[in-house]
Structures are given as structure tokens and as C-alpha cells.
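Below is one structure; the comments refer to it alone.
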Amino acid sequence: MLEGIDVDLATLLLFVGVGFLAQIIDGALGMAFGVISNTLLISLGVPPAAASAGVHTVESFTTAASATSHVLHKNVDWRLFARLLIPGIIGGVTGAYLLTTIDAAAAKPFVLAYLTAIGIYLLVRGILYPPAEKKPKWVEPLGLLGGFLDASGGGGWGPIVTSNLLVQGATPRMVIGTVNTVEFFLTVTISATFIATLGLAAFTVATGGLLIGGMIAAPFGAFVAKRVSTRPLLIMVGFVLMLTSAYGLANALFTF
């Protein structure tokens, strides 16, 4: 019995560590919590719908803490927030519903290949060129697509929305803060959709550990995003996006 408790504690601490690391990266760069957490859960044998439901349940809490921190650090562009919110929620509800009824995995390699290319572009742009900051024009369709892919793929809101807003020349700090803040409303909606279709069975030791680690780390990401200058943020976003997307692409192609 004691042995069983030790194993459970070790498992819990593993997921606490993963949740902490993933949320630090997500809060600072506007992406990675869903991708890292969802990839780990699926690699451990959790069904895709259950993994996505668990991760989004956790993100309902971590994004609340992260969004509050970004608002307090004045990292939110409220006009951009309003343009992303409704399309993101519509896409998220649609993606969550479809994931519980069909297999959307066939499109995953194409999305990951696209994100890998975007990551390389942002990395090169951050290293070689001074960032030309502009107001993004292509926002609402981006929110719709990001919400849909986030729910149906178990992660993708940050990589899709943050990276594409940065490609359009938006200020990294404000993009990261705004995308994180919208994500709270998105994850709550997606989680409610999953609970309505799957029930509460997806909340396991893994999701509990992710929740604890993520909540501890959530306030620190906004602090990092506010104090790191534009070019290093752009380079870090490009590097993390390229690394996580390329890893996911390799796994998806190997599976197929």
C-alpha cells in the first residue's frame, strides 16, 4: 500500500513539474501549455478527446491566473482582445464538438508543418531584422481558426494566434498578454463543451498535477513578457514554436 502511495506521489510530482514548466513558457511566450501537456498525456495512452478535455479543464484555472497577471502588468491590447474573443469561442465550441464525434488527426501533420515553418520564419526575423511593429489586419479569421484547432487538436490557440499576429508585425508583449487573456474565456467554453459531451471522467491525477504546477507558475509569465525586449521575445517564440511543432510533426508522420 505504501508502495502504491509513493508511485502516485511520484506521478503527481512529475505532472506538477510539467505543468509548472509548460505554464512558465506559455505565460512568457503566449504558447506551449496545451501542446506540451497534451503531447505528454497522449504519449502515456490517454485518448485524444480525454486528453484535450483534461488539459482544457486545467487551463480554465491557469489561464485565469495568467490573464489576471497580464492585465495587472498592462500587457493587454483591449481592441485586439475584442476582435479575437467571439471568433475564438465559436471556433473552440465547434472544434470541441467535432473532436468528440470524428477523428480530426488527418489534418494534424499539415498544421504542424505550417507552424514549424512559421517558427523558423520568426526565429530568422528576430535574429536578422529589426522588428517592424504594425497593427495586425487579419484577426477575426485567425481567432476562429485558432479556437477550432485548439479544441480539436488539444492545443494550438497560442501557436496559431500568437505566431500569426507576430508575423503581421504586432508588438510581442501585447500580443502575448492579449492572447493569454482571451485564452481564459476560450478554455472555459471548450471545457464546458467537453464536460457536456464526455462528463467529468477526464479529470485524473495527471490533470490534477498539471493544475497544481500551472497555478504556481502562472503569475511569473507576465512578469517575464513585460521585462524582456521585443527582439529576444520574437526569437524565443520562434524557437519554441519551431521545436514543439517539429517534434509533433515527426510524431504525427511516424504514426501515419
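The values are calculated or read from the model by the stated rules, or taken from the named source; none is laboratory data. Every value quoted in this text rests on a predicted model; they were computed, and no experiment measured them. Neighbour counts are summed over all protein chains in view; Cβ atoms, including those assigned to glycine, are modelled from backbone coordinates with ideal geometry.
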Members of segment 1-44 found to be hydroxyl-bearing (S, T, Y), modelled with pLDDT under 75 and surrounded by fewer than 17 Cβ atoms within 10 Å (Cβ to Cβ), listed by number | S43
If you check A64 against the conditions, is it among the aliphatic types (A, V, I, L, M), assigned to a helix (DSSP H, G or I) and either more than 15 Å from the chain's Cα centre (by Cα) or modelled with pLDDT under 80 (or both)?
-> no
In segment 167-187, is there at least one residue being at pLDDT below 85 and within 17 Å of T116 (Cα to Cα)?
-> yes
3 or more residues out of contact with any strand residue (DSSP E or B) (no Cβ under 8 Å at 6 or more places or on another chain), modelled with pLDDT under 75 and closer than 22 Å to V237 by Cα: qualifying helices (runs of 4 or more DSSP H) within segment 77-161 = 108-128
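Take the residues in segment 237-256 that are polar (S, T, N, Q) and more than 14 Å from the chain's Cα centre (by Cα), then tell me which one is modelled with the highest pLDDT.
Applying the first criterion (polar (S, T, N, Q)) to segment 237-256 yields 244-245, 251, 255.
From what's left, more than 14 Å from the chain's Cα centre (by Cα): 251, 255.
Working: N251: 75, T255: 61.
Here the residue is N251.
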Residue pairs qualifying under the 6 Å Cβ cut-off, at least six apart or on distinct chains, with the first in segment 161-189 being touching a residue at least 40 places away in the same chain (Cβ under 8 Å) and over 14 Å from S229 (Cα atoms) and the second being surrounded by fewer than 21 Cβ atoms within 10 Å (Cβ to Cβ) and hydroxyl-bearing (S, T, Y), are T187/S60; V188/S60
Considering only segment 223-236, state which residues are buried (at least 19 other Cβ atoms within 10 Å of the Cβ) and modelled with pLDDT of 80 or more.
-> M236
